[in-house]
Amino acid sequence: MLHPELEILLEIQDLQTLRRDIAAAEYAAAGIPVDVEAFTQRLTERIAEREAQLSPRTQSVYKRVAKRHERVVAPVLNGVCYACFVHVPTSRGRDKGRNTELRTCESCGRFIYYTD
Ligand SMILES: [Zn+2]
C-alpha cells in the first residue's frame, strides 16, 4: 500500500516524463503520429488536476522541490536516495509499513519511496 499522496506524486512525475518524451525530437523521428500540442495540453491539464488533489502542505513541499529539480520523487535502494545518492534512514516497518508514510530525503528534499 502506497501513501495516497505518494501515488499521486508518482503519477504526476510519470505524466511529466511523458510530456517531455512526447516533445523530444526522437518521437517525431520515430514516425510516431502524435499531435504534440494536443497531447501536451491534455497532459498539462491532468498534471494540474492531480496537483490540486495534494494536501496544501504537500503542495508547498512539491512546489519547492519542483523549482529545483526535474524529478520530484526518487527511489531509495540499499538505503540510498537514487536522486542525490546520499544515505537516508532505512524504512522502519520493513514490510507493510513501507511507503505508507510520505517521506522526503533530508539531503535533496525530494519525496522518496523504498524499493527494497
Ligand atoms: Zn535525495
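Could you please let me know if residue 42 is in a helix (DSSP H, G or I) and either out of contact with any helix residue (DSSP H, G or I) (no Cβ under 7 Å at 6 or more places or on another chain) or more than 14 Å from the ligand (Cβ to nearest atom) (or both)? Outline the logic, then answer.
On the way: in a helix (DSSP H, G or I): yes; either out of contact with any helix residue (DSSP H, G or I) (no Cβ under 7 Å at 6 or more places or on another chain) or more than 14 Å from the ligand (Cβ to nearest atom) (or both): yes.
It is true that residue 42 is in a helix (DSSP H, G or I) and either out of contact with any helix residue (DSSP H, G or I) (no Cβ under 7 Å at 6 or more places or on another chain) or more than 14 Å from the ligand (Cβ to nearest atom) (or both).
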Margin query: Six or more apart or on different chains, Cβ atoms under 6 Å: show the pairs whose first residue is in segment 8-33 and of a type in the set (Lys, Arg) and whose second is in a helix (DSSP H, G or I).
Written below: 19/40; 19/43
Check: What is the number of the single condition among (1) exposed (fewer than 14 other Cβ atoms within 10 Å of the Cβ); (2) modelled with pLDDT under 90 that residue 48 does not meet?
Finding: (2)
Next item on the list: Examine segment 83-94 for a residue that is touching a Ser or Thr at 6+ places or on another chain (Cβ under 9 Å), of a type in the set (Ser, Thr, Tyr) and assigned to a loop (DSSP other than H, G, I, E, B), and state whether such a residue exists.
Entry: no
Check: Somewhere in segment 45-60, is a residue in contact with a helix residue (DSSP H, G or I) (Cβ under 8 Å, 6 or more places away or on another chain), among the small types (Gly, Ala, Ser) and part of a loop (DSSP other than H, G, I, E, B)?
Finding: yes
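Would it be correct to say that residue 65 is within 12 Å of the ligand (Cβ to nearest atom), in a helix (DSSP H, G or I) and not aromatic (Phe, Trp, Tyr)? Step through it out loud before you land on a result.
Working: within 12 Å of the ligand (Cβ to nearest atom): yes; in a helix (DSSP H, G or I): yes; not aromatic (Phe, Trp, Tyr): yes.
So residue 65 passes the test.
Conditions (1) within 14 Å of the chain's Cα centre (by Cα); (2) in contact (Cβ under 8 Å) with a residue 60 or more places away in the chain; (3) within 15 Å of the ligand (Cβ to nearest atom); (4) buried (at least 16 other Cβ atoms within 10 Å of the Cβ), marked per residue:
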residue: 52; (1), (2), (3), (4): no, no, no, no
residue: 55; (1), (2), (3), (4): no, no, no, no
residue: 61; (1), (2), (3), (4): yes, no, yes, yes
residue: 69; (1), (2), (3), (4): yes, no, yes, no
residue: 74; (1), (2), (3), (4): yes, no, yes, yes
residue: 86; (1), (2), (3), (4): no, no, yes, no
residue: 98; (1), (2), (3), (4): no, no, no, yes
residue: 113; (1), (2), (3), (4): yes, yes, yes, yes
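The values are calculated or read from the model by the stated rules, or taken from the named source; none is laboratory data. It should be emphasised that the depicted structure is a prediction, and the values quoted were computed from it without experimental measurement. Backbone-built Cβ (ideal geometry, glycine too); neighbour counts: all protein chains shown.
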